[in-house]
1. Tell me the residue from L223, L200 that is crowded, with 22+ Cβ neighbours inside 10 Å, in contact (Cβ under 8 Å) with a residue 12 or more places away in the chain and away from ligand 1 (no atom under 15 Å from the Cβ), please.
2. Checking the condition modelled with pLDDT of 80 or more and surrounded by fewer than 17 Cβ atoms within 10 Å (Cβ to Cβ), which residue from A37, A42, A32, A20 passes?
3. Being assigned to a helix (DSSP H, G or I), of a type outside the set (V, I, T) and within 27 Å of D309 (Cα to Cα): is that true of S339 here?
4. Would you point out which residue out of V341, V368, V316 is crowded, with 17+ Cβ neighbours inside 10 Å, more than 16 Å from ligand 2 (Cβ to nearest atom) and more than 22 Å from A149 (Cβ to Cβ)?
5. Answer yes if at least one residue in segment 267-277 is open to solvent by 70 Å² or more (accessible area, probe 1.4 Å), in contact with a Leu (Cβ under 7 Å, 6 or more places away or on another chain) and either among the basic types (K, R) or free of Cβ contacts under 8 Å to residues at least 60 places away in the same chain (or both), and no otherwise.
6. Name the one entry in L174, L211 that is at pLDDT 95 or above, among the aliphatic types (A, V, I, L, M), under 15 Å from V226 (Cβ atoms) and not in a loop (DSSP other than H, G, I, E, B).
Amino acid sequence: MSEMNIKGFPRADMAMRSCADLLLAASPAQLAAINAADSVPAFPGLLTFAGAPDEAIPADLLAAARVVVVEVDPGNPGSLDRLRAIGRDYPDLPRIAAIAETTIALVQTLVREGVSDVIVLPLQIEELLDVTLRALAHSRARSVAVRLAPQLAVVRSIGGCGATSIATHVAAHLATIRPHAAPVALVDLDLQAGSIAEFLGASGTGTLSDLLAAGSRLDEELLRAVARKADDHLAVFASPDDIQPLEAVDTDRLLQLLTLIRQNYSAVVVDVPTDWTNWAVSVLSASDLILMVVELNVKSLRQAKRRLDLLAQIGVERDRVVLVINRAERRMFKAIDTSDVSETLHREVIGTVSLEGQDLASAQAQGVLAHRLSRKSKFSADVAAIAEAVAKRIGYEAR
Ligand SMILES: Nc1ncnc2c1ncn2[C@@H]1O[C@H](COP(=O)(O)OP(=O)(O)OP(=O)(O)O)[C@@H](O)[C@H]1O
Ligand SMILES: [Mg+2]
């Protein structure tokens with residue numbers, strides 16, 4: 001349908017589309033009244049349930065709905081019970097009560113029950129759109145405030161010390177922890193040299209460039225179109241195909257993009273490049289936990305110290321940074337060992353990762369995780385233990 005005008009809604013078709021997955025649960029007579037208005041058949045994505053005001057609404061309809069308008073008959077205790085049960089079983093689903101007559105006492109009761117709004121019967125399409133749009137905007141604003149997935153930033157002390165290998169395996173392991181939650185997102189901010197998509201065999205064409213260039217078109221749909229699937233539970237946001245100057249990245253836009261990702265995925269792992277530009281530092285300061293990969297050599301530890309000092313200067317608390325020692329060989333006599341690292345750098349060492357030989361590099365060349373190639377991968381087992389510890393720190397334990 002092209003443009004459809006209803007009083008108060010110059011673009012009612014657009015308003016209807018925004019209200020897709022609205023569930024209307026009302027008695028057959030009420031639904032018939034709105035059908036007679038001749039607009040409902042053109043209401044895309046409208047879900048309806050025709051039944052008495054105390055009749056249970058099928059669970060599959062409620063699970064599919066983004067907002068529900070439910071007829072309430074205040075004289076029928078079963079009807080209030082039905083409204084209450086929806087609130088209990090679907091706490092995130094905004095409920096709008098449709099009632100024949102409003103009294104202050106009734107509205108107070110409904111507000112106490114946690115309904116988002118009240119609409120008066122018989123249903124009018126413009127009023128329905130109006131309250132639905134308001135309830136959706138309200139619930140979006142609330143979920144933005146409340147639900148941002150935890151963000152883990154993986155950084156390196158020096159280039160080549162294994163940060164990307166560790167970030168990919170940590171993310172893949174996190175993705176197995178909450179199989180029923182939204183997928184985990186892995187964001188390759190190594191914008192000039194990123195290789196995460198190849199490491200994980202996540203094919204596709206979309207990259208972060210598409211999202212950073214989207215401006216006001218940036219939304220959940222575009223996010224999903226650009227995300228590449230590493231597996232059912234791990235999405236990759238690949239680095240751009242062409243090289244752009246790092247300073248060209250707009251910090252606010254990038255932070256906005258990460259916030260959108262955090263609203264749509266259950267955890268976010270970010271691979272931060274060796275060069276710490278302003279935007280990289282901003283991403284770190286917005287992260288719940290920073291995992292710094294170091295190696296047991298003087299160059300790596302010296303550089304780690306410099307970076308930790310910078311993080312402290314910008315106000316990142318000590319316990320928001322943990323260290324991972326990569327390529328840790330378990331020799332008896334070494335110039336530097338694990339306890340030296342935590343003492344020198346004054347940060348917790350959350351785990352160590354063994355030197356794996358060529359297996360890791362060949363797994364990456366084939367676009368698979370190390371344990372897919374070799375079940376006994378020590379690298380993978382070490383990183384899995386780190387992912388478990390990280391999950392505890394960021395509140396991402398199994399549910
Ligand atoms: N524990 C390990 N055992 C064996 N090989 C490893 C280990 N860790 C990393 N590597 C290998 O070292 C190389 C560099 O690793 P990776 O790309 O993960 O490092 P990086 O810190 O992300 O590097 P860059 O700074 O270039 O982004 C890769 O070939 C990887 O397979
Ligand atoms: Mg890398």
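1. Numbers: L200 fails: away from ligand 1 (no atom under 15 Å from the Cβ).
Going through L223, L200 in turn, the sole match is L223.
2. Numbers: A37 fails: modelled with pLDDT of 80 or more; A42 fails: modelled with pLDDT of 80 or more; A20 fails: modelled with pLDDT of 80 or more.
Only one candidate qualifies: A32.
3. On the way: assigned to a helix (DSSP H, G or I): yes; of a type outside the set (V, I, T): yes; within 27 Å of D309 (Cα to Cα): yes.
Here the answer is yes, as S339 does meet what is asked.
4. Numbers: V368 fails: crowded, with 17+ Cβ neighbours inside 10 Å; V316 fails: more than 22 Å from A149 (Cβ to Cβ).
Answer to the check: V341.
5. Initial filter on segment 267-277 (open to solvent by 70 Å² or more (accessible area, probe 1.4 Å)): 275.
Still in the running and in contact with a Leu (Cβ under 7 Å, 6 or more places away or on another chain): 275.
Next cut, either among the basic types (K, R) or free of Cβ contacts under 8 Å to residues at least 60 places away in the same chain (or both) only: 275.
Yes; the residues of segment 267-277 include at least one that is open to solvent by 70 Å² or more (accessible area, probe 1.4 Å), in contact with a Leu (Cβ under 7 Å, 6 or more places away or on another chain) and either among the basic types (K, R) or free of Cβ contacts under 8 Å to residues at least 60 places away in the same chain (or both).
6. Working: L174 fails: under 15 Å from V226 (Cβ atoms).
Result of the check over L174, L211: L211.
Yes/no per residue for (1) under 13 Å from the mean Cα position of the chain (by Cα); (2) at pLDDT below 95; (3) farther than 27 Å from V368 by Cα; (4) aromatic (F, W, Y):
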residue	(1), (2), (3), (4)
L218	no, yes, yes, no
V226	no, no, no, no
S239	no, no, no, no
D252	no, yes, yes, no
L258	yes, no, no, no
Q263	yes, yes, yes, no
S266	yes, no, no, no
V269	yes, no, no, no
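The values are calculated or read from the model by the stated rules, or taken from the named source; none is laboratory data. Note that the structure is a prediction, hence the values are computed from the model and not measured. Please note: Cβ atoms are built from the backbone with ideal geometry, for glycine as well, and neighbour counts cover all protein chains shown. We work out accessible area using only protein heavy atoms, side chains counted, and drop any ligands, DNA or RNA first. Shrake-Rupley method; radii C 1.70, N 1.55, O 1.52, S 1.80 Å.
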